[in-house]
Amino acid sequence: MPWWVEPMTVAAVLIIFGVYSFTVILLYDGEYREYLSPFYSPQVGLPEWVPGFITAPMFVLWIPLGFRATCYYYRKAYYRAFFWDPPACLAGAQKREPRSPESYRGERALFVINNVHRYFLYGSWVILAFLWYDTVLTFFPPEGGFQVKVGSLIWLANVVLLSMYSFSCHSMRHVVGGNKDCYTCIRGGNARRRLYNAVSRQNAHHPTWAWLSLFSVLFTDIYLRLIAAGVIPDLTIIG
């Protein structure tokens with residue numbers, strides 16, 4: 001397979017995801033029955049003074065989008081896909097490197113913002129808490145009782161994948177123990193070490209969780225719109 005296929009594919013997928021995300025929050029509603037689109041969670045009020053082109057999800061969506069945009073894995077993906085910096089690891093691709101190794105000075109100018117990735121991680125925990133809450137509500141409809149529908153399972157799978165993506169993050173390793181040089185020198189050091197090792201094992205699969213969670217968000221939102229339009233039924237499994 002040619003070396004340019006991967007960066008071109010990544011570029012296409014990220015562009016499609018970005019266009020779809022902003023189209024959804026600008027033009028369409030995100031709630032139907034007991035379901036709330038992951039693009040609309042949590043629901044926030046919209047002040048009257050804001051311009052008409054600004055919608056309520058914009059006050060929240062910048063957190064998960066910022067988390068992905070500053071993610072170490074996605075940085076590599078879009079640096080290669082959009083800036084060809086470097087386009088790939090193959091020798092032939094390295095010849096197309098837009099700069100020489102001697103001229104590299106790190107992420108500068110606008111890309112310094114990537115250094116706040118850890119703080120986007122903290123914000124994503126808040127979003128995840130609301131997504132888990134929204135998922136639980138899909139099992140308990142407004143009319144009462146308990147139910148399991150196809151939509152409930154889709155919402156559950158989505159929030160699990162998003163959680164795996166967030167908690168396998170490189171910055172998560174730093175939070176749980178990567179910032180310590182000596183585990184035996186601190187209280188609870190053995191527990192911190194085990195937690196760090198557990199996160200590190202998942203971190204090896206971080207790219208997989210990144211792509212699976214990206215597609216799960218898209219699929220969940222599309223499913224909501226299909227059942228809202230009556231294109232497909234939301235089958236009940238239990239209840």
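The values are calculated or read from the model by the stated rules, or taken from the named source; none is laboratory data. Since we're looking at a predicted model, the values are computed, not measured. Please note: Cβ atoms are built from the backbone with ideal geometry, for glycine as well, and neighbour counts cover all protein chains shown. Surface accessibility is based on the protein's heavy atoms, side chains included, excluding ligands, DNA and RNA. Shrake-Rupley method; radii C 1.70, N 1.55, O 1.52, S 1.80 Å.
Applying the criterion of at least 2 residues that are open to solvent by 20 Å² or more (accessible area, probe 1.4 Å) and modelled with pLDDT of 90 or more to the helices (runs of 4 or more DSSP H) found wholly in region 29-143 leaves 58-69, 117-138. When residue 21 is tested against (1) touching a helix residue (DSSP H, G or I) at 6+ places or on another chain (Cβ under 8 Å); (2) open to solvent by 20 Å² or more (accessible area, probe 1.4 Å); (3) part of a helix (DSSP H, G or I); (4) among the hydroxyl-bearing types (Ser, Thr, Tyr), just one condition goes unmet, and that condition is (2). Scanning region 220-239 for residues that are assigned to a helix (DSSP H, G or I) and hydroxyl-bearing (Ser, Thr, Tyr) turns up 220, 223. Residues that are more than 22 Å from residue 120 (Cα to Cα), under 20 Å from the mean Cα position of the chain (by Cα) and not aliphatic (A, V, I, L, M) do occur in region 32-43.
Checking 217, 199, 175 one by one, the residue that is in contact with a Pro (Cβ under 7 Å, 6 or more places away or on another chain) and assigned to a helix (DSSP H, G or I) is 217 and no other.
Summed over region 3-18, the residues that are open to solvent by less than 80 Å² (accessible area, probe 1.4 Å) and either farther than 30 Å from residue 85 by Cα or not polar (S, T, N, Q) (or both) give a count of 10. Checked against the criterion of being within 16 Å of the chain's Cα centre (by Cα) and not in a helix (DSSP H, G or I), region 161-171 has at least one qualifying residue. When 152, 168 are checked against the criterion of being open to solvent by less than 40 Å² (accessible area, probe 1.4 Å) and either closer than 23 Å to residue 121 by Cα or among the basic types (Lys, Arg) (or both), 168 stands alone in meeting it. Evaluation of residue 159 against the conditions (1) modelled with pLDDT under 90; (2) surrounded by 20 or more Cβ atoms within 10 Å (Cβ to Cβ); (3) aliphatic (A, V, I, L, M) shows that the sole unmet condition is (1). Which residue is surrounded by the fewest Cβ atoms within 10 Å (Cβ to Cβ), if the candidates are limited to region 178-196 and must be among the polar types (S, T, N, Q) and part of a helix (DSSP H, G or I)? Taking the candidates together, the pick is 184.
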